[in-house]
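**Q** The structure's right below; bear with me while I get my questions together.
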Amino acid sequence: MKINKEGIYNYISIEDYHADKSWLSASILKKAKKSLKDFWLVMQGYYDNQERKQHLDFGNACEMALLSPEDFEKSVAIFDIREKPEPEKTFASTKNKAWKDSFYEENKDKYIINYDGNESFRVIEEILKSCYSDYAIQKVIKNVEYQKSIYWTDPITGLKLKTRPDIVRTKHNLIIDVKTAQYGNPEAFSKSLAN
């Protein structure tokens with residue numbers, strides 16, 4: 001699907017959003033800032049074929065769990081090491097390796113997160129508990145327009161730009177991008193936010 005005019009669009013799949021290179025996203029502009037060669041490679045689709053990074057899967061899964069639990073159920077696979085066929089052995093075991101490979105193959109179109117560990121389902125559960133107990137967060141995430149795609153032309157450069165914020169509340173002129181951070185104290189969060 002190719003977008004031909006500016007606007008706010010519903011129901012554009014994430015795959016279609018990323019496939020349309022006639023509009024530039026922040027991730028494409030970051031590649032251009034790094035080097036024109038990187039920009040050219042992303043425009044040719046090279047980076048589309050690279051493996052996903054686990055922290056991106058975690059961030060996307062966390063965002064879905066908070067803002068769209070039904071999408072989380074459909075789009076996230078939880079890798080639970082406790083389900084290994086030979087629990088006492090490592091993944092050097094033929095059965096365990098085959099089980100892991102099969103899991104990843106069956107879920108290759110999903111975000112994959114571990115059940116336990118630093119960026120895991122259990123961490124998402126704790127984040128959700130914290131968010132659900134915070135009045136301000138509850139007020140912001142209630143009745144949101146989730147994953148709208150916004151297209152516009154920059155008036156200064158003439159560049160055709162696009163973004164896909166996590167939360168849009170058009171009636172309140174509010175756009176929010178949900179991010180995970182390792183620490184929530186003001187000093188560490190400020191550093192993380194600046195980064």
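**Q** Hey, which of these cross-link pairs are over 21 Å Cα-Cα: 2/148; 21/191; 30/179; 139/171; 142/171; 21/162?
**A** 21/191
**Q** Expressed as a whole percentage, what fraction of the accessible surface of the chain belongs to carbon and sulfur atoms when a 1.4 Å probe is rolled over the protein heavy atoms? Let's see the in-between values first.
**A** Working: 7220 of 13560 Å².
Carbon-and-sulfur percentage of accessible area, whole number: 53.
**Q** A further question follows. Can you tell me how much longer the chain between residue 32 and residue 75 gets when fully stretched, taken as 0.36 nm per residue apart minus their C-alpha distance, in nm with one decimal?
**A** Between residue 32 and residue 75, full extension yields an extra 12.5 nm.
**Q** Another question, then. Enter the accessible area of residue 5 (Å², nearest 10), with the probe set to 1.4 Å and all protein chains included.
**A** 140
**Q** Next question, about the same structure. Along the charge dipole of the stretch 62-195, pointing to its positive end and built from +1/-1 on Cβ of Lys, Arg, Asp and Glu, which listed residue (113, 195, 174) has its Cα farthest out?
**A** Positive-end residue among those listed: 174.
**Q** What nm distance separates the two modelled labels at residue 139 and residue 91, each placed 7 Å from Cα along Cα→Cβ?
**A** So the two model labels end up 4.5 nm from each other.
**Q** Specify which residue in the list 155, 66, 17 is farthest towards the positive end of the charge dipole of the chain, using unit charges on the beta carbon of Lys, Arg (+1) and Asp, Glu (-1), about the Cα centre.
**A** 155
**Q** Right, something else. Using a simple spin-label model with points 7 Å from Cα along the Cα→Cβ vector, what separation in nm is obtained for residue 4 and residue 109?
**A** 2.8
**Q** Given 0.36 nm per residue, what is the gain on full extension from residue 20 to residue 182 after removing their alpha carbon distance, in nm? Before the final figure, lay out the partial values.
**A** Numbers: separation 162, 0.36 × 162 = 58.32 nm, distance 3.24 nm.
Result: 55.1 nm gained on full extension.
**Q** Exposed loop sites here are GluC sites (Glu not before Pro) in DSSP loop states with at most 16 other C-beta atoms within 10 Å. What is the longest stretch of the chain lacking them?
**A** Here the longest segment lacking exposed loop sites spans 89-195.
**Q** Here is a follow-up. Residues of the chain: accessible area per residue at 1.4 Å, in Å²?
**A** Value for the chain: 70 Å² per residue.
**Q** Here's another thing I want to ask about it. In whole angstrom, how far apart do the alpha carbon centroids of the stretch 57-96 and the stretch 129-149 sit?
**A** If you average the Cα positions of each part, the centres end up 24 Å apart.
**Q** Turning to a different aspect of this structure: Average the reciprocal distances over every distinct pair of alpha-carbons in the stretch 1-117, invert the result, and give the Kirkwood radius in Å.
**A** Hydrodynamic radius (Kirkwood, Cα only) of the stretch 1-117 equals 17.0 Å.
**Q** A further question follows. In debye to the nearest 20, how big a dipole does the chain give about its Cα centre with +1 on each Lys and Arg Cβ and -1 on each Asp and Glu Cβ?
**A** Charge dipole, the chain, about its Cα centre: 700 debye, nearest 20.
**Q** Here is a further query. Go through the stretch 90-171 and name the chymotrypsin sites (Phe, Trp or Tyr not before Pro) that are in a DSSP coil and have 15 or fewer other Cβ atoms within 10 Å of their Cβ.
**A** On the way: sites: 91, 99, 103, 104, 111, 115, 121, 132, 135, 146, 151, 152; in loops: 91, 115.
Loop-located and lightly packed - 91, 115.
The values are calculated or read from the model by the stated rules, or taken from the named source; none is laboratory data. Quick caveat: nothing in here was measured; it's all calculated off a predicted structure. So basically every Cβ, Gly included, is an ideal-geometry build from the backbone, and we count neighbours across all protein chains shown. All accessible areas refer to the heavy atoms of the entire protein, side chains included, with ligands and DNA or RNA removed. Shrake-Rupley method; radii C 1.70, N 1.55, O 1.52, S 1.80 Å.
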